[in-house]
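**Q** Shown below is the structure under consideration.
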Amino acid sequence: MGTRLKVLSVFKALHRTRMAVFKDDNRALTAARLKINEEFRKNKNETSEENVRKMIKIGSDVEIVLREAVIQAEHVGEDTLLLRPRDSLLLENVPYCDQPRKRS
């Protein structure tokens, strides 16, 4: 895949992830869109192949962090937040145990 296509692919992936992560939060959607576009626009004239590869890697890493680590929260009271995790972030509920299990 050409470098140009990789850059476009990361750009689109970031925007798709932004739409899923910040769903129903217009302020966060707009802020993320502006930041993504600003960063890509700022570096659009980069000619160094090595620097472009580094930026593609950074963009891919940011997309992974957004997708796997960001959870929406909404203030519903003075001291209360309502968490809205996406289905992809929910894991099987496994009880925590302080004591290691004895092997039989």
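**Q** Between residues in the range 71-96 that are open to solvent by 100 Å² or more (accessible area, probe 1.4 Å) and residues that are at pLDDT 85 or above and not in a strand (DSSP E or B), which pairs lie under 6 Å by C-beta distance while being six or more apart or on different chains?
**A** Once the first residue is open to solvent by 100 Å² or more (accessible area, probe 1.4 Å) and sits in the range 71-96, its partners that are at pLDDT 85 or above and not in a strand (DSSP E or B) give LEU83/ILE71.
**Q** So, one more: Can you pull out every residue in the range 37-60 that is exposed (fewer than 11 other Cβ atoms within 10 Å of the Cβ) and not in a loop (DSSP other than H, G, I, E, B)? Reasoning before the result, please.
**A** Going residue by residue through the range 37-60, those that are exposed (fewer than 11 other Cβ atoms within 10 Å of the Cβ) are 38, 41-42, 44-45, 47-50.
GLU38, ARG41, LYS42, GLU49, GLU50 - these are the residues of the range 37-60 that are exposed (fewer than 11 other Cβ atoms within 10 Å of the Cβ) and not in a loop (DSSP other than H, G, I, E, B).
**Q** While we're on this one: What are the residues in the range 61-101 that are modelled with pLDDT of 90 or more and part of a strand (DSSP E or B), if any?
**A** THR80
**Q** Is there a residue in the range 63-70 that is surrounded by 11 or more Cβ atoms within 10 Å (Cβ to Cβ), of a type in the set (A, V, I, L, M, F, W, C) and over 10 Å from the mean Cα position of the chain (by Cα)?
**A** Looking for residues that are surrounded by 11 or more Cβ atoms within 10 Å (Cβ to Cβ), of a type in the set (A, V, I, L, M, F, W, C) and over 10 Å from the mean Cα position of the chain (by Cα), one finds none in the range 63-70, hence no.
**Q** Something else about it: Looking at the range 1-27 only, could you name the residues that are farther than 22 Å from GLU46 by Cα, touching a residue at least 24 places away in the same chain (Cβ under 8 Å) and in a helix (DSSP H, G or I)?
**A** Within the range 1-27, THR17, ARG18, ALA20, VAL21 qualify.
**Q** With the condition kept exactly as written, say whether any residue in the range 12-33 is under 24 Å from LEU83 (Cβ atoms), of a type in the set (Phe, Trp, Tyr) and out of contact with any Gly (no Cβ under 6 Å at 6 or more places or on another chain).
**A** Within the range 12-33 (the criterion being under 24 Å from LEU83 (Cβ atoms), of a type in the set (Phe, Trp, Tyr) and out of contact with any Gly (no Cβ under 6 Å at 6 or more places or on another chain)), the answer is yes, since at least one residue qualifies.
The values are calculated or read from the model by the stated rules, or taken from the named source; none is laboratory data. Keep in mind it's a predicted model, so treat the numbers as computed, not measured. Cβ: placed from backbone, ideal geometry, glycine included. Neighbour counts: every protein chain shown. Calculation scope for accessible area: heavy atoms of the full protein, side chains included, ligands and nucleic acids excluded. Shrake-Rupley method; radii C 1.70, N 1.55, O 1.52, S 1.80 Å.
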